[in-house]
Amino acid sequence: AVNHVREIFCHNKEVERIKNSLSKRGVCLKKIFTDKEIEMFQSKGNSPKTIAGNFAAKEAISKSLGLGIRGYNFKDIKILRDNLGKPIVTTYNNLKEICIQYSVLEIKVSISHTDNYAVANAITITK
């Protein structure tokens, strides 16, 4: 069986915008991120770079599926790191069902950042 890349997408986020949102508006991380992601952020000192990177990755995933945020929400995507720092994507709820319908085998992401920007690439691999 041959696997296919459904879509590749790149998204970036300004770290400063995330930093400002967290400090000025008290943006609730629980609206966008899972409890496990929030625990990971806390273990990294709530770094705006890490948070911006995960947010950019969720945006890139949504676009790599060709859906945007339709039929699911960002909390249906969990992005943690393995013991080497590699991002690992897990889908839940409606998005998990969508991935089954689209024959998605795996979603891979790469996250990087500078002081000013976080960037993420997402690749959706299907049967």
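The values are calculated or read from the model by the stated rules, or taken from the named source; none is laboratory data. Keep in mind that this is a model prediction, so the values were computed, not measured. As a convention, Cβ positions derive from the backbone with ideal geometry for all residues, glycine included, and neighbour counts pool all protein chains shown. The protein model used for the area step is the full one, side chains on, heavy atoms only, and it has no ligands, DNA or RNA in it. Shrake-Rupley method; radii C 1.70, N 1.55, O 1.52, S 1.80 Å.
List of remarks:
Conditions (1) within 12 Å of the chain's Cα centre (by Cα); (2) within 17 Å of ALA52 (Cβ to Cβ), marked per residue:
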| site | (1), (2) |
| --- | --- |
| ILE79 | yes, yes |
| LEU95 | no, no |
| CYS99 | no, no |
| TYR102 | no, no |
| ILE111 | yes, yes |
| TYR117 | no, yes |
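- Hits in region 27-49 (condition: buried (at least 20 other Cβ atoms within 10 Å of the Cβ) and free of Cβ contacts under 8 Å to residues at least 40 places away in the same chain): PRO48
- Only one of the numbered conditions (1) part of a loop (DSSP other than H, G, I, E, B); (2) open to solvent by less than 100 Å² (accessible area, probe 1.4 Å); (3) at pLDDT below 65 is violated by VAL2, and that is (2).
- Within region 77-102, restricting attention to residues that are polar (S, T, N, Q) and exposed (fewer than 15 other Cβ atoms within 10 Å of the Cβ), the residue that is farthest from LYS30 (Cα to Cα) is GLN101.
- Scanning region 50-65 for residues that are open to solvent by less than 10 Å² (accessible area, probe 1.4 Å) and among the acidic types (Asp, Glu) returns no hits.
- Region 58-76, subset of a type outside the set (D, E, K, R) and without any contact (Cβ under 8 Å) to a residue 24 or more places away in the chain, residue nearest to LYS30 (Cα to Cα): ASN73
- Tally of residues being under 21 Å from SER21 (Cβ atoms), part of a loop (DSSP other than H, G, I, E, B) and out of contact with any Ser or Thr (no Cβ under 9 Å at 6 or more places or on another chain) across region 35-86: 4
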